[in-house]
Amino acid sequence: MFKKKEKRQSIASQYAKRTKLGEIWYRLKKNKGAMVGLAIVALFVLIAIFADVMFDYDTQIAGYNLRNKLIKPCLEHPFGTDEMGRDLFARLLYGTRFSMAIAFSSVLFSVCVGLPLGAMCGYLGGKFDLIAMRLLDILRSIPGILMGIVIVSWLGQSTVNLVIAIGFSMIAPLASTTRAAVLTVRNTEYVESARSIGISEWRIVMVHIIPNCLSTILVQITLRVANAIIAASSLSFLGLGVPIPSPEWGALLSAGRAHIRNASYLTIFPGMAIMVLVLSLNVLGDGLRDAMDPKMYK
Amino acid sequence: MSNEKEIVLSIKDLVVHYEVDGDVIKAVNGMTIQLEKGRTLGLVGETGAGKTTTALAALNLVPDPPGIIKNGEIQICGKDVLHMSQKELEMVRGYDIAMIFQDPMTSLNPVLTVGFQIAESIRIHEPELNSKQAYERALDMLELVGIDRHRGSEYPHQFSGGMKQRVVIAIALACNPHVLVADEPTTALDVTIQAQVLDMMNNLKNKFGTSTIIITHALGIVADICDDVAVMYAGRIIEQGTLDDVFNRTRHPYTEGLFNSLPNIKDRKAELKPIPGLMPDPANLPEGCAFADRCSYATDVCRTKQPEQRMISGTHMVACTAYDDPNFMIERSRKP
Amino acid sequence: MSDTLLEVKNLKKYFKTPRGLLHAVDDVSFTIDRGKTLGVVGESGCGKSTTGRVILRLIEPTSGSVKLAGVDIGALSRRELRAHRKNMPMIFQDPFSSLDPRQTVMQAISEPIINNKIATGKYEVEELTVELMRTVGLAERLINTYPHELDGGRRQRIGIARALSMNPKFIVCDEPVSALDVSIQAQVLNLLKQLQRERDLTYMFITHDLAVVNHFADDIVVMYLGQLVEKAPAEELFENPLHPYTKALLSAIPVPQTYDRPERILLKGEISSPIEPKDRCRFAKRCPFALEECWAKCPSLQEARPGHFVACHHYDKI
């Protein structure tokens, strides 16, 4: 029995050039922009992981040396130093850890809640949709930053609470984007066709609806990562972000604002770091969307 | 029919390609056709045969990019359409030649009254009319296509599909063009509405004598309103002649296949004989006759040699290599 | 007694619209015998597609009963209905939108097999899928292609294979060929006919194309604004139409021949929609023969000849 199975090769795989994942990777590789984006994101991730190997937190990141304060970019300090005499380059690299962690986990949090919620609203419709969407409208009418302040001051200041605060404020927009995408897919004939062969509602949502909404949602998610980094910086600016010596990008940016006239590099470099990461994520997101869409295949 | 034929539209050796992602899609591959004044020509073919591209080319409207008119000459009433300035073209479109598109829903502006839309197209080509006169003319046109005058002040959404198509026809006819090109004018309509519109088009034809090209895939419609028929396959005309020639003295195997694919309304038990296979990929056309792979009469010669157009009577042309053999005849036209 | 497979009785479906209740399907009754094809004919908006969907409970009926092989479809719970769906699949009109663009041919055809446990085990499922592909005339090498890479005819074959995979006895075909080119249309019609012979299938064939239905169906019902106006064996209906609407419909078929062309009966006006219909003949507005009686009372179906039903007050005088 076992032997027989081993001998047989799946007919589909005889005709397949690649596996499904292989095909996505193959398509992605052809997209140069996406590959550059992927490389940059991967670099940032590596930096984030190995930040504590590269730097000693207590001396190089948090420890200050007022004698070196506000040195312009030079060989020793490629990005200059801040008003406490700390090397900005080191802090920026170390900050990757905080910023990426906060951005990704807050987006993950909002996706975990917003996506199923939006999908259910769009698919079920009716009263559930009406009530949920009105509640989300109420949530949305409260400015995100205000809600962040409320949540952080209620739960207490910590990185985890910051993630919750940012993630929470992104649930509503994500849910309504998902809902709109689901609504268009729900009324297609292929969903009706799936129902007509007895597929359960749950499977219809998971197999037919969500994958076909993915392109819209993926773009939304990459944009949200950027928003999260910026939201984190706003909260840091208000003193509600990560605790003070931590070199989170937003915190670096807002700290640099005081010196924007005499030491503009203090804002330029963190700003550029945010921009490069966000841009790379966007390009990568677009590339992934195209690579996963069979219609783009030849 | 007199011997002196006045040609209002002449297309010669037209070649149109679309270049997409490095592929060359050969939509029209050397098409020659002439439309006589006052005649209605049916351009028949299936999806991808190049019917619509031909029509767009006649108005120099092929979207570029990706479309490229590689070769050919198109004359409308003696004017060379392909070498005209934008301004001259605008005068030709609507005035010399007008087009009716398949979907009446999308060819009307939803925020303007239908009367205004017809009047607008009248005024572009007859600027000496004031708006009131043009509007009156527009209402006349509505009546002509069988819609009450007073409905001129209504908006397109207040009209049903068949009514909208009538409005579109009214707009096209408003300037009394020499040539009318109708691309599947009744495909989006229901049978009884289709009958109404066809009947109306027949009446207009008798009244104005507008020379018309009807693009369609339905042979039934051709039999209804056309005088001449040209059958297209893979960007070429493979058979052409009068309605009688093509329907009752069919010569090309593809035309025969089209007839055999249609259910026979008189004999319901008759078996359908579909043409096997599919139309070849226009990006990858075979060297020989494009129909050879689906043709039951095909020989080795067909697969290597492009068939020549051959006149078998004064009006009837067929492009099929099999007629090199003087005894060859397709089944449909064999006398029992 | 004939062997009835599907029995539809007084089926109604009303939709709420801002302008009032839309009587999309209004008191429709018919039966289909095992192994036969019922053609449902009508113009757009006549409720023929809705009828098909209400029978399958893809749309919940307002009232009425549907019995398929003795099973009362309306009485099934949601769970039972889902399990029962394998006995009553549907072939959809538009092969471009009825297939999930993200599913390969393999996934699309195996989906109903896996879901309804027609076969279990990866290889068994695949074997059955390939066999079905062969049955409907799809080359094995297309197994990993996506629908957008295929032409309309092949996509429709996928739709047919999906329906067949569950070994049903009854299939609802909703305009299965109207989106296809003439030569491809004939291929698909022949395939459906051959499958019917081989597998003793019963079809409900919804279409607006009278030439096709004449060729394909054993019995025909003609619908107008949600109601049945005529019901007869196909041959009888084409030779001897009684309802003025049927007559106009038949005369409007564009016949692809230059001789023997039928005299056209041109109808006035266009089809409206059955919102809050009054008690009168729904066709009266367009009927060239409408009398006072037609405006006063809605005619019901009556047996004019054996097996031939018509809903017209004075069919015998026309």
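All of the numbers you see were taken from the coordinates with simple rules; none came from a lab. Please read all numbers here as calculations on a predicted model, not as lab measurements. Cβ placement follows ideal geometry from the backbone for every residue including glycine, while neighbour counts extend to all protein chains displayed.
Kirkwood analysis of the Cα pair distances in the stretch C:201-291 returns a hydrodynamic radius of 14.5 Å. Restricted to Cα atoms, the stretch C:162-318 shows a radius of gyration and a Dmax of 17.5, 53 angstrom. If you run the Gaussian network model on chain A, springs between alpha carbon atoms under 10 Å, then out of A:278, A:107, A:36 the most flexible one is A:36. Note that the stretch A:179-189 has calculated 3J(HN,Hα) couplings of 4, 4, 5, 5, 4, 5, 6, 4, 8, 6, 5 Hz, one per residue in order, obtained from phi through the Karplus relation 6.51 cos²θ - 1.76 cosθ + 1.60 (θ = phi - 60°); glycine and proline are x.
Each of residue C:280 and residue B:308 was given a label point 7 Å from its Cα along the Cα-to-Cβ line. The distance between the two points is 6.9 nm. Shape of the stretch B:66-132 from the C-alpha gyration tensor: oblate (a/c of 1.5 or more and a/b not above b/c, with a ≥ b ≥ c the square roots of its eigenvalues). Cβ crowding within 10 Å, taken as a proxy for footprinting-reagent exposure, orders C:148, B:17, B:217 from fewest neighbours to most as C:148, B:217, B:17. Taking A:143, A:211, A:270 in turn, the Gaussian network model of chain A (Cα-Cα springs below 10 Å) assigns the largest fluctuation to A:143.
Share of Cα-Cα pairs in chain C beyond 38 Å, in percent? Show your work: numbers first, answer last.
Working: 8654 of 50403 pairs.
When all Cα pairs of chain C are counted, 17 percent exceed 38 Å.
Run the Debye formula on the Cα coordinates of the stretch B:193-336, all scatterers equal and no solvent, and tell me log10 I(q)/I(0) at q = 0.11, 0.17 1/Å. Result of the Debye calculation: -0.48, -1.05. If one takes the longest principal axis of the Cα atoms in chain B, at what angle in degrees, from 0 to 90 and to the nearest 10, does the Cα axis of helix B:131-144 lie? Roughly 50 degrees between the two axes. Over the protein assembly as shown, all Cα pairs binned in 20 Å intervals from 0 give whole-percent P(r) values of 11, 34, 34, 16, 4, 0, listed from short to long.
Across all Cα atoms of the stretch C:103-166, the radius of gyration (one decimal) and Dmax (whole number) stand at 10.5, 31 Å.
Centroid-to-centroid, using Cα positions, the stretch C:135-162 and the stretch B:97-167 are 44 Å apart. Computed from Cα atoms, the angle from the helix C:105-115 axis to the main principal axis of chain C rounds to 80 degrees.
Spread over its residues, the convex hull of the C-alpha atoms of the stretch C:200-239 is 78 Å³ per residue. Between residue B:140 and residue B:21, the simple spin-label model (points 7 angstrom out along Cα→Cβ) gives 5.3 nm.
Quick one: which residues, 5+ away or cross-chain, put their amide H under 5 Å from the amide H of residue B:16? H built at 1.01 Å from N. Close amide H contacts, sequence-distant or interchain: B:27, B:28, B:29, B:30, B:70. Per-residue 3J(HN,Hα) values for the stretch A:60-73, derived from phi via the Karplus relation 6.51 cos²θ - 1.76 cosθ + 1.60 with θ = phi - 60°, read 8, 9, 8, x, 10, 8, 5, 5, 8, 5, 6, 7, 5, x Hz in sequence order (x marks Gly and Pro).
The share of Cα pairs per 5 Å bin across the stretch B:56-188, counted from zero up to the longest distance, runs 2, 11, 19, 20, 19, 14, 9, 5, 1, 0 percent. Counting beta carbons within 10 Å around each of C:166, A:54, B:105 and listing the fewest first gives the order A:54, B:105, C:166.
Normalised size of the stretch A:216-298, defined as Cα radius of gyration per 2.2 N^0.38 Å with N residues, equals 1.39.
By the gyration tensor of its Cα atoms, with a ≥ b ≥ c the square roots of the eigenvalues, what is the shape of chain A: rounded for a/c under 1.5, prolate for a/b over b/c, or oblate? It comes out oblate by the Cα gyration axes. Helix C:152-164 against the longest principal axis of chain C: what's the angle in degrees, Cα atoms only, rounded to the nearest 10? For helix C:152-164, the angle is close to 80 degrees. Put simply, the Cα atoms of the stretch C:246-318 extend 43, 32, 19 Å along their principal axes, the longest span coming first. Spacing of the modelled spin labels on residue A:276 and residue B:84, each 7 Å from Cα toward Cβ, amounts to 5.7 nm.
Diffusion of the stretch A:1-143 by Stokes-Einstein, at 20 °C in a medium of 1.002 mPa s and with Rh set to the Kirkwood radius over alpha-carbon pairs, works out to 102 µm²/s.
Coordinate range of the alpha-carbon atoms in chain B per principal axis, descending: 66, 48, 45 Å.
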